[in-house]
Amino acid sequence: MICDLETGVCGEAGEEEMEVIDFNQPKKSINLYYVTDPICSHCWAIEPVLRRFAEQYGDYFNLHTVMGGLLEKWHDGPIDPANGIYKPADVAGHWREVGEHSRMPIDGTLMIDNPVQSSYPPSHVFKVIQKNHNEKKAFEYLRRAREALFAFNQNISDKSVMIEIVNKLDLDGEAIVNEAEQPIGQQLLNEDFGLVGSLGARGFPTIIMINEENKGVKIVGGRPFEYYVDGLKQVLNQEELQPKQQPSLYSLLEKEKLLFSKEIEVMYDVEQSDVNSFIEKELSPDQYQMKEILGEFYFSLIR
């Protein structure tokens, strides 16, 4: 409640007497459908690229995360013969290969010792959070679940693990997981399956961007960052877009809780060898902690 006689302002005065402001925010005219699954290793691998794409170009589209149902259950026949997947243990080697190639760490030994029997239970939980809360909270759950599965080797189809993950989102894990086990969980998932079919998506990950004229582009599999930007330009029919500045590392870590080295490298165009010096420049030593898993460093803020 301070009023300044010189500036004629009650409250905080800006540095400039006259300031030009551009309120022309891009209209969110694009629907972006991300077809995925909690146990999709290639979806885990493209998280660094999709995060940067959403951070810098998210003002142009509405994100819809759609569950595709990668594994209903194991059976005697082939699950994914093209990749040599017939039983849970076959997944371990494939996952490790994806992790080594992408540098998004994947342990994979869980699939030998205590395999995920179905991706439907964590998908049900995702859908219930999406229904009862919002897309952002559901996406945060998906991230935490993938961290637990791929990096920290936890069975995310186990009820106690799902409850713990949801509790860490400041939600009632037991209530949400119990609701997800009811028929509503599968009903919501079936709605996604219908949408996946209408979009013509057959693999994971698939990104489909559709404009107001119901025309769009479909991008299947993990692609470089520029690929998604070019796809957005095509569907908007614009040669140039205005990306937002990347968030500060502190604010990104505050939001994401945990980031692997590869994610920082992609977000800020930093070489792997320069990550430590970049972080030391952006953060003070008492603000963050660095740990290592499966040969990769990851970072979080000190609370």
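The values are calculated or read from the model by the stated rules, or taken from the named source; none is laboratory data. The structure displayed is predicted, hence computed values, not measured ones. Backbone-built Cβ (ideal geometry, glycine too); neighbour counts: all protein chains shown.
In the set G93, G77, G14, which member is over 15 Å from the mean Cα position of the chain (by Cα), at pLDDT 75 or above and outside any strand (DSSP E or B)?
G93
If you scan region 239-248, which residues turn out to be of a type in the set (D, E, K, R) and either in contact with a helix residue (DSSP H, G or I) (Cβ under 7 Å, 6 or more places away or on another chain) or part of a helix (DSSP H, G or I) (or both)?
E239, K244
Identify the residue in region 251-270 that is farther than 19 Å from F152 by Cβ and of a type outside the set (V, I, T) and, among all such residues, is surrounded by the most Cβ atoms within 10 Å (Cβ to Cβ).
M267
Show the residue pairs that are 6+ apart or on different chains and have beta-carbon atoms under 6 Å apart, the first residue being within region 44-63 and touching a residue at least 24 places away in the same chain (Cβ under 8 Å) and surrounded by fewer than 20 Cβ atoms within 10 Å (Cβ to Cβ), the second being part of a helix (DSSP H, G or I) and of a type in the set (G, A, S).
Every condition considered, no pair remains.
Out of all the residues in region 163-181, is one or more in contact (Cβ under 8 Å) with a residue 40 or more places away in the chain, closer than 24 Å to F260 by Cα and among the small types (G, A, S)?
Within region 163-181, none of the residues are in contact (Cβ under 8 Å) with a residue 40 or more places away in the chain, closer than 24 Å to F260 by Cα and among the small types (G, A, S).
When the residues of region 17-41 are filtered to those that are modelled with pLDDT of 75 or more and among the hydrophobic types (A, V, I, L, M, F, W, C), which remaining residue is surrounded by the fewest Cβ atoms within 10 Å (Cβ to Cβ)?
Looking at residues that are modelled with pLDDT of 75 or more and among the hydrophobic types (A, V, I, L, M, F, W, C), I get I30.
So which helices (runs of 4 or more DSSP H) stay within region 249-298 end to end and still have 1 or more residues that are closer than 24 Å to A54 by Cβ and over 20 Å from the mean Cα position of the chain (by Cα)?
Counting at least 1 such residues, we get 275-282.
Of the conditions (1) within 21 Å of K136 (Cα to Cα); (2) in contact with a Gly (Cβ under 8 Å, 6 or more places away or on another chain), I219 fails just one. Which one is it?
In the conditions (1) within 21 Å of K136 (Cα to Cα); (2) in contact with a Gly (Cβ under 8 Å, 6 or more places away or on another chain), I219 misses (1) alone.
Given the criterion outside any loop (DSSP other than H, G, I, E, B), of a type in the set (K, R) and under 18 Å from the mean Cα position of the chain (by Cα), identify the matching residue among R223, R143.
R143
Take E147 and decide whether it is among the acidic types (D, E), out of contact with any strand residue (DSSP E or B) (no Cβ under 8 Å at 6 or more places or on another chain), surrounded by fewer than 22 Cβ atoms within 10 Å (Cβ to Cβ) and in contact (Cβ under 8 Å) with a residue 60 or more places away in the chain.
In short, yes.
Do any residues in region 280-303 that are within 15 Å of S251 (Cβ to Cβ) have Cβ atoms under 6 Å from those of residues that are among the aliphatic types (A, V, I, L, M), where the two are at least six apart or on different chains, and which pairs are they?
Hits for this filter: E282/L249; Y288/L301; F299/L259; F299/M290; S300/L258; L301/L253.
Residue by residue through region 104-136, note down the ones that are within 17 Å of L294 (Cα to Cα) and either surrounded by fewer than 18 Cβ atoms within 10 Å (Cβ to Cβ) or without any contact (Cβ under 8 Å) to a residue 12 or more places away in the chain (or both).
The answer is T109, and nothing else.
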